[in-house]
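Enquirer: Handing you this structure, nothing more for now.
The values are calculated or read from the model by the stated rules, or taken from the named source; none is laboratory data. For clarity, every value in this text was computed on a predicted model and none was experimentally measured. As a convention, Cβ positions derive from the backbone with ideal geometry for all residues, glycine included, and neighbour counts pool all protein chains shown. In case anyone asks, the SASA skips ligands and DNA or RNA and just uses the protein heavy atoms, side chains included. Shrake-Rupley method; radii C 1.70, N 1.55, O 1.52, S 1.80 Å.
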Amino acid sequence: MDWIFMVLGNVSKGNTQGAARAAKMSRGMRAFRLLRLMKFRVIMNDFTGRVTSEEWRTAIYIAKLILIIVFVNHFVGCGFYGLHYLAEEEPDGSLGWSWVKKNFEPEEGTVYRYWTSLHWSLTQFTPASMEVNPVNGLERFYVVCVLLFALVTFSSFVSSITTAMTHLRTYNSRKLAEELRLRRYLAEHEISSELTGRVTHFIHERNQQRNLQGRTREEEVELFKLLPESLKHALRREAFMPILTVHPFFACINQMDTEVVTSLCKKSVTERFMVTRDELFGHGKEVTHMVFVTNGTLAYYYVINGAILNDKIRAGHWAAELVLWSKHPEHCNAFVAETNCDVCLLHAAEFRDSVLKHRNVLAGIVKYAAAFVQEALNVSKRCRKQAVVCNDRELARERLVCAFDY
C-alpha cells in the first residue's frame, strides 16, 4: 500500500489536477491500511497458544478485550469530535454551534480535545457520566446510534470478561482443593514435619515447573478425538518421524522401508513430560521402552569401582536401546531429569511385533541387533547398569554399515 502512495505522488508531480485527484485517491486508499489489523489477530492467537500458564492466558484474554474496547472507542470519539465540522455555518461563515464550540476554548490543544472525546465515548459504553452533551440534531442522532451500539457490544464484552474471571476462579479453586486434600492426608497419617516439608516443597516446585512446559502432548488436545484414524495417523507420523530418525538405525530403516517407521509412529510411541528431579524407570521397575529426549537433559547415574559416574542424555539423543533387542525386560537405575524434559518412549514389544511383519529388512535388523548386543555385553563387563545407555552415534553407523552396507 505504501508503494502505491509513492507512485501516485510521483505521477501527480507537476500536474495540479492530477495532484488533486491523487490526493483524494490516497486518502480513500489509506483506509485499506486497516486491513493490516487482520494480521494482529493471527499474531495474538499464535502468541496466546504459546502461553502455558492458565493465569497468564486468562490475563492476556482480558487485556485483549480491553484493547478492543479502547480501539472501538477511539473511532467513536473521533467521529463525535468530527461532527462539529458538519454543523451549519453561522452568518459570518464560521462553524456552527456544536459541543466542541461549547466545551473548548480556542487555545486548548489537540491532546486535551482527543482525551475529552475518548472520555465521552467511554461513558457511553459504561455506567458513567461527564459534562459533554450533544447540542444539535446531528449530534443527538449520533449519540442515540452510539448508545444502541454500546447496548449490544458492551454487554457482550462484560459477559466475556466475567466468564474469563469465573474460569480463573474455578481453576484456582481446584488447585486449592487438591492442596487441602494433601494437607489433610499428611495430618491424618501423622507424617513428620520434615517429610511433610519435603513433599509440599516438591509438589509446589513441580506445579511451577509444569507452567513452563513447552511441548503440548497429543492426549492434551481434546479436539484430536474428533479426527478420523487416517488423520490421527498422519499427524503422529509427521510429529514422531523426525524424533525417531535422529537415530541412524531408524533413519536407515526409513529409507529402505518407510512403512516400518510409519507403523511405529502410529501406535508404538508415547510422550511424557518430566519436571526437574523427576525419575524414569529405576527402583526395581522393568525397562519396557526406548527413550528419545526431545527437550531438556536426562542424567543416568551408575557406579564403577566405587566411583559414582553419570551419562547425560540431551535433546536429540536416546537411551535404553538395549530393551529393543533383549528377550527379557531389563532393570536399570533411574533416569533423572536435570531440567524440565520432554521425552518420547518407544514401546519395545510393539517394536518387535511391527518389525517381524516386514521381512524385507528383517535380515539386516537381526545383524544389527547382534552387533549391538555384543557391544552392550562388552560395556556390561565394566558396569552392567551402564549398558542401558549405549547411545554412541558413530558406533551405530558402523553397525549399520556391517548389517545393511548403509
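Enquirer: Go through H358, H204 and list them by solvent-accessible area, largest first, probe radius 1.4 Å.
Expert: H204, H358
Enquirer: Ordering L122, L324 from largest to smallest accessible area (1.4 angstrom probe), what's the sequence?
Expert: Result, largest first: L122, L324.
Enquirer: Using the basic label-point model (7 angstrom from Cα toward the beta carbon), what is the H119 to D353 distance in nanometres?
Expert: Label at H119, label at D353, 7.3 nm between them.
Enquirer: With respect to the cross-link table entries K232/K357; K64/K175; K266/K312; K267/K367; K64/K225; K64/K102, which display a Cα-Cα separation exceeding 32 Å?
Expert: K64/K102
Enquirer: May I ask you to order 188-198, 153-163 by the average number of other C-beta atoms within 10 Å around their residues, highest value first?
Expert: Going by the mean number of other Cβ atoms within 10 Å, highest first, we get 153-163, 188-198.
Enquirer: How compact is region 237-369 by the rule of thumb for globular proteins, expressed as Cα Rg over 2.2 N^0.38 Å?
Expert: Computed over Cα atoms of region 237-369, the ratio equals 1.08.
Enquirer: Once the whole set of protein chains is in place, how much accessible area is left on Y300, using a 1.4 Å probe, in Å² to the nearest 10?
Expert: About 0 Å², rounded to the nearest 10.
Enquirer: Here is a further query. Largest first, how would D353, D405 line up by accessible area (1.4 Å probe)?
Expert: The ordering from most to least exposed comes out as D405, D353.
Enquirer: Further question: What accessible surface, in Å², does a 1.4 Å probe find on K312, ignoring ligands, DNA and RNA and rounding to the nearest 10?
Expert: Rounded to the nearest 10, that gives 80 Å².
Enquirer: Okay, next question. If you place +1 on the Cβ of every Lys and Arg and -1 on the Cβ of every Asp and Glu, how big does the dipole about the Cα centre of region 276-406 come out, in debye to the nearest 20?
Expert: 320
Enquirer: Could you work out how far apart the two model spin labels at F141 and A59 are, taking each label as a point 7 Å from the Cα in the direction of the beta carbon, and quote it in nm?
Expert: About 4.7 nm separates the two model spin labels.
Enquirer: With every protein chain left in place, what is the accessible area of Y171 in Å² (1.4 Å probe, nearest 10)?
Expert: It works out to around 50 Å².
Enquirer: Moving on to the next point. Please compute the net charge surrounding D405, taking Lys and Arg as +1 and Asp and Glu as -1 over other residues with Cβ under 13 Å from its Cβ.
Expert: +2
Enquirer: Considering the Cα positions of region 256-328, please state its Rg to one decimal place and its Dmax as a whole number of Å.
Expert: 14.6, 46
Enquirer: How much length would be gained if the chain were fully extended between Q255 and N305, taking 0.36 nm per residue of separation minus their Cα-Cα distance, in nm to one decimal?
Expert: Separation in residues times 0.36 nm, less the Cα-Cα distance, equals 13.7 nm.
Enquirer: What order do you get for 110-116, 338-344 when each peptide is scored by the mean count of other beta carbon atoms within 10 Å, highest first?
Expert: Put in order of decreasing packing, that is 338-344, 110-116.
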